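Undergrad: I have a structure here, written as structure tokens, and I will follow up with some questions on it.
The values are calculated or read from the model by the stated rules, or taken from the named source; none is laboratory data. Bear in mind that the values here come from a model prediction, so they are computed numbers and not experimental data. Cβ sites come from the backbone with ideal geometry, for glycine too, and all protein chains shown count toward neighbours.
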Amino acid sequence: MPGAPNSPPKATEAPPPPVTVAPERKALRRLAPSRVALNLEMWKGAPSPELLAPLVRAEAAFAKGDMLNTEQALDQLSIRFAEPRWPTMPVPFRDLRVAIPAPMPPSWDPDHAAEPAEKDRRKMARLADLQIALVKASTAYAAKRGLPSEDLATHATAAESALAATGPDQAFWDHVDAVWTAVRERFPMPGLPAAPPPPPPPPAASDATA
């Protein structure tokens, strides 16, 4: 038939559905590595109150299930991390700070011409790369501190394998979040004195009469 196409149009492959992220998990992925960052030896056990206060607020809000205030407090902490007066944190913890890129024309942005779906894919890939780097660094630091870390190493290895095989899918994030849940439980809050030991039990009452 005149004007008919020579071949049927190719079906476009639908992109994979995005991984649904619960607000608690999203906050945990920033909260736990921030706790590790303020436990690093560079602070000598006493990070500045200006750094510690936002983390304390984030932890308190997270414990109440208030993810909005948790994220706001973590935003304040990441801005503090970027201030030049603090010692430079080692990679990858340095990337927890707010990145302030130099001004540049939009055309210089490598993502400028990308389709929205491709922009989201690249953003997720960068986030996953940072998370796996933070997981591995936190696992290594837990071992250095003498904290239990065998299970962390197992999850870190599984997360790295999943990322290489299938990208940042649900299995990858499950392993990552398992590390962060354990890290938050095992690393103490930085800059706070250790809890005093419990008082000794009272002596047993004696039946003997005076």
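Undergrad: Does region 65-72 contain at least one residue that is loosely packed, with under 14 Cβ neighbours inside 10 Å, at pLDDT 85 or above and touching a Leu at 6+ places or on another chain (Cβ under 9 Å)?
TA: Scanning region 65-72, I find no residue that is loosely packed, with under 14 Cβ neighbours inside 10 Å, at pLDDT 85 or above and touching a Leu at 6+ places or on another chain (Cβ under 9 Å), so the answer is no.
Undergrad: Do the conditions hold for R121, that is, is it at pLDDT below 95, surrounded by 14 or more Cβ atoms within 10 Å (Cβ to Cβ), of a type in the set (K, R) and assigned to a helix (DSSP H, G or I)?
TA: For R121, the condition - at pLDDT below 95, surrounded by 14 or more Cβ atoms within 10 Å (Cβ to Cβ), of a type in the set (K, R) and assigned to a helix (DSSP H, G or I) - is met.
Undergrad: Please work out which residue is farthest from L28 (Cα to Cα), limiting yourself to region 162-193 and to residues that are in contact (Cβ under 8 Å) with a residue 40 or more places away in the chain and among the acidic types (D, E).
TA: Looking at the filtered set, the residue picked out is D169.
Undergrad: Being outside any helix (DSSP H, G or I) and closer than 21 Å to A22 by Cα is the requirement here; does P148 meet it?
TA: no
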